[in-house]
């Protein structure tokens, strides 16, 4: 059985789809997948052994100048149409993913209009299924695949299908080491810098080296600031997703804010703590073996706002992180690592 998956972005959403492939591979002998994904994230589908072919697209770039990108758009559509599929599953449920689904050869499937984030997307499908909202994103994708492919989910099992033995230990990193993932998109998701500094010192006191990745110039400057005057803390060079996966795989522990890399860490099975204030750990939090998603216990959390609008007195900003100080996070991480 050959299935095409349409799930283009974002990094966390792409990672959320991996357990559904593991479920299907266990339930259906010989099933294999091709995957249409943003070129930036094409390393993620390749982590799963059931993925045969990855079809990169560049929707984010195409949007900026569709006219200039018309040749690239035609080439991607031609690649999508090269093979006939038993099923084409839009695992995203957005208009952009539904448009790509329309070009594929095979029975087009996806969420019903009451289950999609963008109901108009359901018009592109030949078969739709209802998946209840209000559940974790990983659970919803797993249910989508199970209904479309006709098997029962096994409760309590969760595997991203990553093989740790296929990733060699990174060269040049001093063990034992931890990785701190400070970079994220919304201002309201950033853990206070004072807490990061304290956590670096706690890690150093515990005998660990610390490595901090970055993805843009602002994140690089923050990483350099956190490593100042601490000999055991280091800024990682800018790395591909594949190389960062190896770093995360072999870390003794990881702390991260709500970000795609935090989800990647959970998929790796590395002991990790992820921090949630403005966003909901219940709906989109990291999930996996040895992972703990910490939701702050604060009156307005999760607010789902990109900026903190809390007006009362608070010792930090975003205010909700007052309830997730560095010592609390460190103790949780130590418990997981032990």
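FYI, it's all coordinate maths here, none of it is from the lab. Nothing here was measured: the structure is a model prediction, and the numbers come from that model. Glycine gets a Cβ as well: all are built from the backbone with ideal geometry, and neighbour counts include every protein chain shown.
Below are the figures for this structure:
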| item | result |
| --- | --- |
| Distant alpha-carbon pairs in the chain (separation over 29 angstrom), percent | 41 percent |
| Theoretical FRET efficiency, 1/(1+(r/R0)^6), r = Cβ-Cβ of residue 112 and residue 61, R0 41 Å, to 0.05 | 0.85 |
| Three principal axis lengths of the range 69-202 [C-alpha, angstrom, descending] | 56, 39, 35 |
| Between the range 256-279 and the range 181-255, the Cα center-to-center distance that results, in Å | 13 Å |
| Spin-label pair residue 83/residue 239, simplified geometry with 7 Å Cα→Cβ offset, distance in nm | 3.0 nm |
| Segments 128-134, 215-221, 282-288 sorted - mean Cβ within 10 Å per residue, highest first | 282-288, 128-134, 215-221 |
| At R0 = 35 Å, FRET efficiency that the Cβ-Cβ distance of residue 280 and residue 127 yields, to 0.05 | 0.70 |
| Size-normalised alpha-carbon gyration radius of the range 137-257, reference 2.2 N^0.38 Å | 1.30 |
| Helix-only mean residue ellipticity at 222 nm for the chain, each DSSP H run of n ≥ 4 adding -39500 (n - 2.57), per residue, nearest 500 | -10000 deg cm²/dmol |
| Estimated inter-spin distance, residue 335 and residue 166, nm [label 7 Å along Cα→Cβ] | 3.4 nm |
| Distance-filtered residues of the range 272-290 - backbone nitrogen under 19 Å, label point 7 angstrom along residue 299 Cα→Cβ | 277-279 |
| Kirkwood-based shape ratio for the range 166-337, expressed as Rg/Rh from alpha carbons | 0.94 |
| For the range 2-149, fraction of C-alpha pairs farther apart than 28 Å, in % | 11 percent |
| Rg and Dmax of the range 276-338, Cα atoms only, in Å | 12.7, 39 |
| Extension gain from residue 225 to residue 198, taking 0.36 nm per residue of separation minus the Cα-Cα distance | 8.5 nm |
